[in-house]
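Note sheet for the following structure.
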Amino acid sequence: MGFRVWDDGLDSSSKQNRSRVRALQNGNRYPRLSMHVRYAILCDYSNDTTDGKLNLFGTTDSIYAFSFPCVHKVCHVVVSFEVDPDDFGVTRTVVTELIDADGKGLVKIEAPILIPENQRLINHRHIIHDLNIPKEGTYQFTVRIDGMPSYTYPFVAMQVPQPA
């Protein structure tokens, strides 16, 4: 299989940029950064235990409402990252954005993440209060690392069926 090189013009000699200049396998949509998303999940609640475990409660790919527009009081978006040793000690900017079916951004959360030494897995939790969902339809959370698209988590907002 052939590879093509992705280069955004960055100096690859610095630790911050070394992982951004990577080879792509033919057919891949995005370059794979050394820090990448393992999964992203929408849920009602999440927490971390003292021994490093991640608890997720009420995971879903659907939000139900009696009518639209609606406000979802509290939800958690949990993103789990895997990092390579090249990223230890580096700060990455992670942007998580909620986008509707028309491509309009509804919520944007930007957070710098300092990668601790010798920690290969990082869980990042966003707690969203009073999430406004304007209409029934398909939505998605997108995750970008240092501006590069990295992951998309789709979900639907649907009206609760009315009893006959």
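The figures follow:
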item: Which listed residue, of Leu106, Leu98, is open to solvent by 50 Å² or more (accessible area, probe 1.4 Å), over 14 Å from His36 (Cβ atoms) and either touching a residue at least 12 places away in the same chain (Cβ under 8 Å) or among the basic types (Lys, Arg) (or both); result: Leu106
item: When residues of region 134-164 are limited to those that are aliphatic (A, V, I, L, M) and out of contact with any Leu (no Cβ under 8 Å at 6 or more places or on another chain), the one farthest from Cys75 (Cα to Cα); result: Ala164
item: Options Glu117, Glu110: the member that is acidic (Asp, Glu) and outside any loop (DSSP other than H, G, I, E, B); result: Glu110
item: Those residues of region 143-164 which are surrounded by fewer than 18 Cβ atoms within 10 Å (Cβ to Cβ), in contact (Cβ under 8 Å) with a residue 60 or more places away in the chain and not in a strand (DSSP E or B), in sequence order; result: Val160
item: Members of region 109-142 that are in contact with a Gly (Cβ under 8 Å, 6 or more places away or on another chain) and surrounded by 15 or more Cβ atoms within 10 Å (Cβ to Cβ); result: Ile115
item: Residue match in region 64-80 (condition: closer than 15 Å to His124 by Cβ, charged (D, E, K, R) and part of a strand (DSSP E or B)); result: no
item: Top-ranked residue in region 32-63 [being over 19 Å from Gly137 (Cα atoms), touching a Cys at 6+ places or on another chain (Cβ under 8 Å) and not in a strand (DSSP E or B); ranked as least open to solvent (accessible area, probe 1.4 Å)]; result: Gly58
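The values are calculated or read from the model by the stated rules, or taken from the named source; none is laboratory data. In this text, all values refer to a predicted model and were calculated from it rather than measured experimentally. Glycine gets a Cβ as well: all are built from the backbone with ideal geometry, and neighbour counts include every protein chain shown. SASA here: full protein model, heavy atoms, side chains in, ligands and nucleic acids out. Shrake-Rupley method; radii C 1.70, N 1.55, O 1.52, S 1.80 Å.
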